[in-house]
Amino acid sequence: MIPEYHHALIIGAGEGLSASLARLFRDKGLRLSLAARNASKLTALCDEIGATAYACDASDASSVNALFEALDNTPGGAPDVVVYNPSARQRGPIAELDADAVLAALKITAYGGFLVSQQAVRRMLPQGQGAILFTGASASVKGYPQSAPFAMGKFALRGLAESLAREVQPQGIHVAHFVIDGAIRNPGRENPADKPDSLLDPHAIALTYWQTLKQDRSAWANEIALRPWLERF
């Protein structure tokens, strides 16, 4: 059976991948809710696709709870597709990193994923259907020097996705984690002239998210790695 979805929530929305997801979901007939800490930056995108913007700090439990409570009271109710897209980086030698800044980054990248998925699952379980999609990175599976906080957060998010899939997939909720292994082409970041295919196309990534949502539940994918064909493994 292929589930039918109606209302998508994208957390950490902005330009690039999340905007491509929003446009594609709109084209497929889904109602769109977009959330970011600064909701005003979403005005143009919301006007373009008819979405509704909400202010939400994904690392703060009260803010996440307020977001889902607001969505409960919209026509059609809570989302049946939730995409968790936020992340934060703290770069530098381990001996020089600021501990408070690292904690803040971990709360955005990983703890926020827990908060959001907890609220989503509470609403999806009674329906026996839903999908939660997590945006990962190369750092989800391999750490890089001077990038420990990002790897810590992305490893934790991947662990959350794996555990959550085993818990709620038998109850009809599709959980998938996407390893984005390479840089994404965004406004202000274009392919260099000598490497025309070196950046991932955000629309191509969005199509893979959609194809995952449309999988028959007899063969759900729980993790997919995406990389440009020029990317080294």
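The values are calculated or read from the model by the stated rules, or taken from the named source; none is laboratory data. Keep in mind that this is a model prediction, so the values were computed, not measured. All Cβ positions, glycine included, derive from the backbone under ideal geometry; neighbour counts span all protein chains shown. When the accessible area is computed, the model is the full protein with side chains, heavy atoms only, and any ligands, DNA or RNA have been set aside. Shrake-Rupley method; radii C 1.70, N 1.55, O 1.52, S 1.80 Å.
Looking at (1) open to solvent by less than 80 Å² (accessible area, probe 1.4 Å); (2) within 16 Å of the chain's Cα centre (by Cα), which is the one condition that is false for K214?
Failing condition for K214: (2).
Filter the stretch 8-43 down to the residues that are of a type in the set (G, A, S), open to solvent by less than 10 Å² (accessible area, probe 1.4 Å) and part of a helix (DSSP H, G or I) and list them by number.
Within the stretch 8-43, S18, A19, A22 meet the criteria.
Report, by residue number, each residue of the stretch 160-175 that is part of a helix (DSSP H, G or I) and touching a residue at least 40 places away in the same chain (Cβ under 8 Å).
Residues satisfying the conditions are L160, A161, E162, L164, A165, V168, Q169, Q171.
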